[in-house]
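Each reported figure results from applying straightforward, stated rules to the coordinates on display, with no laboratory input. No experiment lies behind these values; they were computed from the predicted model shown. Here Cβ is always computed from backbone atoms with ideal geometry, including for glycine, and neighbour counts include all displayed protein chains.
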């Protein structure tokens, strides 16, 4: 491991040098027109420097952390999650809800809620949001949203402010689905008025405290306060999510006041920001697992022994200690301890064992073929540096891996002869293993089907027993039955048919100006509403 230690040292030194020369002065913000001076004082413009923005903001149009981050400010769900009260479900666009049976929930909608086009939200909009023209259209929402919304049927409009939503099968977590990602409500009228799906996706009309103004691909996304919002008015006049790919430039802009919040800060830069007058840091580990995923359907990685060897070759604790200074943790298999009674504490996944990894490499019949590892440069914190260390760890046990830099997710997931390894993050939605392992690897996920990235076959082909256990997890309300199902799923994707390398819990670190009062929530979304943002 001496070579690995040297590599860590070089990477950290290079990073430090980059940051040391990156702090150049930046221009200030433009002066406010005098007519808006009073409003500008009470409601400032907020600039958030990000590493990447999504190309669209249709809630079902993209499945990514950067999409969820921006969407949080403009779109809302029937049920909200109170992150300050242990992720308790609270009224949102629905004031109340009740179970009618094991597959049906009835929602009473909040009256007087307006969309960004001025139209009132009714049960017709809710039914349309999850109906045949949007969710169930083969080229629209179903690709991504199905793994979040499961087997729901088109909703039933009961009255102007009452709607029922049913699942095709008993659904233990049905209410949770309408508090989470991709369950945001859209305007039926605005959707139908749009020229096409692509136009709509870049001009969405929802109910949040901010409304979308403009998406300029690769540059910024701008939104402004929606003053007809049903709740407490937005604290910022405008919010601009500005794309600044280089970490050093984001940090420099924060220090000069050009940016109010910056995202994706490497742990080794946190102290520097915190010591800067007028700046501070926040954030940390969130309930999400950062993983390296296998495409097991290709000829190189189809042998499970080789995939087991690749997991055993990775010293995950060394990565956590060296790059993250112990600010995150190595997960116990594909699960998180926030699952409470559903956390399988005595489960033991594959551990670091390079000697055993070398034996498995030989057993697998691997002949030294190049295994390609596709990454988006620092889409995730320290993505490039981590990938470089992983390549060295695999090399140490006789596995030849080559990094391929890509520009977008379509390139990452394009199905061709070099789709071998790629990075993903796996959020633990619903505080239940269903929302993580089964959502990500189950029969409703795009990795198990043909998909918009050109796959002609799934990335994973799991056994009938695996799928049966997943369905049990989805439908049963018996604790021991569900725990048994989770144990089977964990063991299967870790040992029998390895699907991914669970590196560590994902960290999201932010730098912020001391002129604002704001704290991140434990998710990829950024809550910039009046309940979580104010200005000094």
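What the table shows:
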item	result
Segment 351-404: relative contact order as a whole-number percent, Cα under 8 Å and 6+ apart	46
Cubic angstrom per residue, convex hull over Cα atoms of segment 287-507	115
Zone of residue 280's modelled label, taken as backbone nitrogen in segment 492-536 under 11 Å from a point 7 Å along Cα→Cβ	512-519
Cα-only radius of gyration and Dmax that characterise segment 185-243, units Å	12.4, 33
Fraction of antiparallel bridges per DSSP, the chain only, in percent to nearest 5	80
Shape category assigned to segment 215-331 from the gyration tensor of Cα positions, a/c cut at 1.5	prolate
Mean Cα-pair separation over length for the chain, i.e. relative contact order, pairs under 8 Å, 6 or more apart, %	20
Two-site FRET efficiency, residue 406 against residue 197, from Cβ-Cβ distance with R₀ of 22 Å, rounded to 0.05	0.35
Relative contact order for segment 79-184, counting Cα pairs under 8 Å that sit 6 or more residues apart, in percent	28
Calculated FRET efficiency for the pair residue 217/residue 351, C-beta based, R₀ 56 Å, to 0.05	0.80
Over segment 310-404: Rg over Rh, Cα atoms, Kirkwood Rh	1.01
Span from the segment 189-211 Cα centroid across to the segment 458-483 one, whole angstrom	36
Separation of alpha-carbon centers, segment 252-291 and segment 411-453, rounded to whole Å	29
Theoretical gain in end-to-end length, residue 189 to residue 156 [0.36 nm per residue, Cα-Cα removed]	10.1 nm
Under the Debye formula (equal points on every Cα, no solvent term), log10 I(q)/I(0) of the chain at q = 0.06, 0.09 Å⁻¹	-0.29, -0.68
Whole-angstrom gap from segment 318-354 to segment 50-93, using each part's C-alpha centre	26
Volume of the Cα convex hull of segment 79-184, divided per residue and given in Å³	111
Sites residue 464 and residue 86, calculated FRET efficiency, Cβ-Cβ separation with R0 35 Å, nearest 0.05	0.45
